[in-house]
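The values are calculated or read from the model by the stated rules, or taken from the named source; none is laboratory data. Small disclaimer: the values here were computed from a predicted structure and weren't measured. Cβ placement follows ideal geometry from the backbone for every residue including glycine, while neighbour counts extend to all protein chains displayed.
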Amino acid sequence: MKKIENFTITNNISKKTNSKKFTKSTFFNQKIFQESLIGNKNFFQYFHQNYKLNFARFNKFKKFKQIVIVGMGGSSLGANAIKSFLIERIKKDIIFFDNLDELKLYNFDKSKKFGKFLFIIISKSGNTLETILISNFLNSKYLKKNNTIIITEDNNNALNSFAKKRNFEIVKHNPTIGGRYSVLSEVAMLPAFLMGLKIDKFKKGILSVTKKNKSKLFLGVNEMVKKFQSKKYSSLVLLSYHPRLEQFLFWYQQLFAESLGKKGNGLLPVVSSTPKDHHSLLQLYLDGPKDKIFYFFSIDESSGKKLKNNFFGSKFNILSQKSLSEIARIQKDSLIDVFERKKIPFREFKITSTNEESLAELFSFFMLETFLIGKKLKINPFDQPAVEEVKKRTFQRLKNRTK
């Protein structure tokens, strides 16, 4: 088991894994590693000591107990992951508009709490269709100078121009950081600050991955690159054994899919909620096509109310004095035993602490790992050219409908 301060990793993606040989190889030597982190696309340098968003400027918004976050993809997935992972620490109601959901908007409109919400609207390009639509819906009743923050690039995009006309609070989205890599920038850190979380604690976890023994990271990169190149695998199943992890996995789903799904490469990342999915998908996982890699995610916690009574006969006495989380952990470990016996490739991530620092370390680890996999596969992990084509066609169809 390979320790990374706030979480542990078990790699079982390959039958043969020689750690010592790997660290001596030239697959990623020190020079290549440093170049990867120092280039213009370095998403970590932005969060080092020179990163100074003036959070004090936003203290006036802390009075709001209800926050609405509007954004698509990376503009909202990170903040949603933070909210879910640290839910016990957040004393505010957080609502996300991250899709075109007419019923949700309608029900929100019926709430009649017009002046009680803080609105944070996020779009890197400032022209995201769904974000513009939702903002347009909210504008007439809800968006005011004293309750609206806009995060977007500082140019003549639609959202920035709209915010300037309305004299809203504007935060400049760094143009060198793509949406799916922006979780540790103002895109999610400002919402986290307004949720009442400690930004300094996030910063502690950001660079810790690069300070540890890099072989722990490179080992996973090496094996995943081999799996990509083998062309034998089509899916990456992300098994969530704790509800607080699911939004984090949806964040990772976008990061993995949009960064590496190019040039005929890619695995389809699927978030699977367990142990619920033991009763619907497990048969396929175990006995279906051998084209899947599995990642187990769990929170290693001992707390939780233990079952004291059993009303269902002696067969279920085994449940007494065990918490729900403990039983779920036993189910997970039992599945891992079967995976090992069947030689199904998997990795296990055990989160050992649930705080800002550990979450920042998780974000950093997976962004860096995804970036390095892309670099080795000669894939640009920062663009999404196929998606841009769909956007252009959508705007053209909308334009044609207005004629």
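Table: residues versus (1) closer than 20 Å to L359 by Cα; (2) aliphatic (A, V, I, L, M).
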residue	(1), (2)
Q229	no, no
K232	no, no
L238	yes, yes
R244	yes, no
W251	yes, no
E258	no, no
G261	no, no
G264	no, no
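Just to check your reading of the model, which residue among F64, F58, F96 is within 30 Å of K399 (Cβ to Cβ) and either in contact with a Gly (Cβ under 8 Å, 6 or more places away or on another chain) or modelled with pLDDT of 95 or more (or both)? Sole residue among the options that is within 30 Å of K399 (Cβ to Cβ) and either in contact with a Gly (Cβ under 8 Å, 6 or more places away or on another chain) or modelled with pLDDT of 95 or more (or both): F96.
Listed by first and then second residue, the pairs with beta-carbon distance under 8 Å, at least 6 apart or on different chains, first residue in the stretch 326-342 and assigned by TED's automatic domain parsing to the domain that holds T352, second of a type in the set (A, V, I, L, M) and in a helix (DSSP H, G or I), are I327/L319; L335/L282; V338/L286; K342/L286. Whenever a residue of the stretch 267-289 is in contact (Cβ under 8 Å) with a residue 40 or more places away in the chain, its partners that are β-branched (V, I, T) and surrounded by fewer than 16 Cβ atoms within 10 Å (Cβ to Cβ), lying with C-beta atoms within less than 8 angstrom and at least six residues away or across chains, give the pairs L286/V338.
Here is a yes/no grid of residues against (1) free of Cβ contacts under 8 Å to residues at least 40 places away in the same chain; (2) crowded, with 21+ Cβ neighbours inside 10 Å:
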| site | (1), (2) |
| --- | --- |
| D93 | yes, no |
| G115 | yes, no |
| F119 | no, yes |
| I122 | no, yes |
| S125 | yes, no |
| T131 | no, yes |
| K144 | yes, no |
| I150 | yes, yes |
| S161 | yes, no |
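Under the condition of being touching a helix residue (DSSP H, G or I) at 6+ places or on another chain (Cβ under 8 Å) and loosely packed, with under 14 Cβ neighbours inside 10 Å, the residues counted in the stretch 335-359 number 2. Considering only the stretch 131-149, how many residues are in a helix (DSSP H, G or I) and of a type in the set (S, T, N, Q)? Residues in the stretch 131-149 being in a helix (DSSP H, G or I) and of a type in the set (S, T, N, Q): 4 in total.
When you go through N127, N80, N107 one by one, which is the residue that is in a helix (DSSP H, G or I) and over 15 Å from F193 (Cα atoms)?
When all the criteria are applied, what remains is N107.
Here E388, E301, E356 are screened, and the one residue that is within 30 Å of T176 (Cα to Cα) and without any contact (Cβ under 8 Å) to a residue 60 or more places away in the chain is E388.
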